[in-house]
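So the structure is just underneath, and the comments pick up after that.
Read-outs: derived from the displayed coordinates by stated rules, not from any lab. Since the model is a prediction, treat every value here as computed from it, not as a measurement. When we count neighbours, we look across all protein chains shown, and the Cβ atoms used for this are built from the backbone with ideal geometry, even at glycine.
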Amino acid sequence: MSSTVANGRVGAMLLRVLGASFSPMTSRAIVRSAMTQAGRDSEDLERLGVDGALLGHLLRGVRFYAPDPTHAARCRAALEDLLQAAAEPPPDVMVPIVREVDIVRARQEARTIAAAIGFDHTGQVKIATAVSELARNIFRYASTGKIELSTVERPSVGIRIVAVDHGPGIANIDAVLSGSYRSKTGMGLGLLGCQRLMDAFEVDTAVGRGTRVVASKHLAR
Ligand SMILES: Nc1ncnc2c1ncn2[C@@H]1O[C@H](COP(=O)(O)OP(=O)(O)OP(=O)(O)O)[C@@H](O)[C@H]1O
Ligand SMILES: [Mg+2]
């Protein structure tokens, strides 16, 4: 079973995620044991991907083998990302945020998509600004992460932005979004400004695990 697991796309992704924290042998043992416990054979993994039940068994394996809680938390976040990615259609554009210039690239990609969808100049600037605030936060506070951009059809044609990182998370997110937070580094209006610029805005963050912001803006029907 281990060779099939290692050769398939989902299997390879799983082993890569686990491989960041465990040896190849332990990674394979975690996957194999989770598959058995979930009552699935290795071909199921490629056909059906990673579902909630399998994820639960994988996480139990991670906790069993994890050398320390930080490792386990990071691994868990990466596995959850994998599950989410498997469940959602791939984005139109993915911009990894690794260097400062990537912020500009994310901003430009967003503006190009916004223009193609039919947003006017003001709409394009709002979308580009929101993306560059999110990308800048990733670069500044989490070092690395990614911005995903997709066009959506509902409730009307629009753009969906997903900003993901596995950085330190935002401990005081309620204060940040209520406007009572005083930033030490910037004006502290980035996330709040972003929320105002977009039609929908959600932050999912956990200390030590990272931050995921999902925002969208739609054309008036
Ligand atoms: N991706 C992130 N990871 C960890 N912490 C973050 C992240 N994004 C924001 N934060 C925290 O939330 C605070 C508020 O972010 P926000 O973007 O609103 O303001 P700022 O970055 O401090 O200032 P500005 O964006 O105006 O330059 C930041 O100061 C930082 O502590
Ligand atoms: Mg900011």
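Numbers for the structure displayed
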item: Karplus-derived HN-Hα couplings along the range 146-152 (A = 6.51, B = -1.76, C = 1.60, θ = phi - 60°), whole Hz, x at Gly and Pro; result: 8, 10, 10, 10, 9, 8, 10
item: Shape of the range 156-216, Cα gyration tensor, a/c cut at 1.5; result: oblate
item: Positive-pole candidate from Tyr65, Ser132, Val104, dipole of the range 6-148, charges at beta carbon; result: Tyr65
item: Summed residue charge, Cβ within 12 Å of Arg160's Cβ, Lys/Arg positive, Asp/Glu negative; result: -4
item: Distance from the range 122-149 to the range 53-81 (C-alpha centre basis), Å; result: 28
item: Residue-averaged 222 nm ellipticity for the chain, from DSSP H runs of 4+ at -39500 (n - 2.57), nearest 500; result: -16500 deg cm²/dmol
item: Average Cα contact separation per residue, the chain, under 8 Å, 6 or more apart, as relative contact order %; result: 16
item: Dipole of the chain, positive end: most advanced residue of Leu18, Ile173, His121 [Cβ charges, Cα centre]; result: Ile173
item: Net lengthening on full extension, Ser180/Asp41 (0.36 nm per residue, minus Cα-Cα); result: 44.8 nm
item: Cross-link reach list, aspartates and glutamates versus Lys217, counting only Cα pairs under 19 Å and skipping chain neighbours closer than eight places; result: Glu88, Asp92, Glu109, Asp120, Glu133, Glu148, Glu153, Asp199, Glu202, Asp204
item: Inter-probe distance in nm under a simple model that places probes 7 Å from Cα toward Cβ, at Thr70 and Val104; result: 3.4
item: Translational D in µm²/s for the range 82-221 (Stokes-Einstein at 10 °C, 1.306 mPa s, Kirkwood Rh from C-alpha pairs); result: 105
item: Tilt relative to the chain, helix 52-65 - C-alpha long axis, 0 to 90 degrees, to 10; result: 70
item: Extension gain, Ala85 back to Thr144 (0.36 nm per residue minus Cα-Cα distance, nm); result: 19.4 nm
item: Among 74-84, 160-170, the order from most to least packed when residues are scored by Cβ within 10 Å on average; result: 160-170, 74-84
item: Cα-centre dipole for the chain with unit charges at Cβ (Lys and Arg positive, Asp and Glu negative), debye to 20; result: 460
item: Positive minus negative residues near Tyr65 (Lys, Arg vs Asp, Glu; Cβ under 13 Å); result: +4
item: Angle between the chain longest axis and helix 101-117 axis [Cα atoms, degrees, rounded to 10]; result: 70
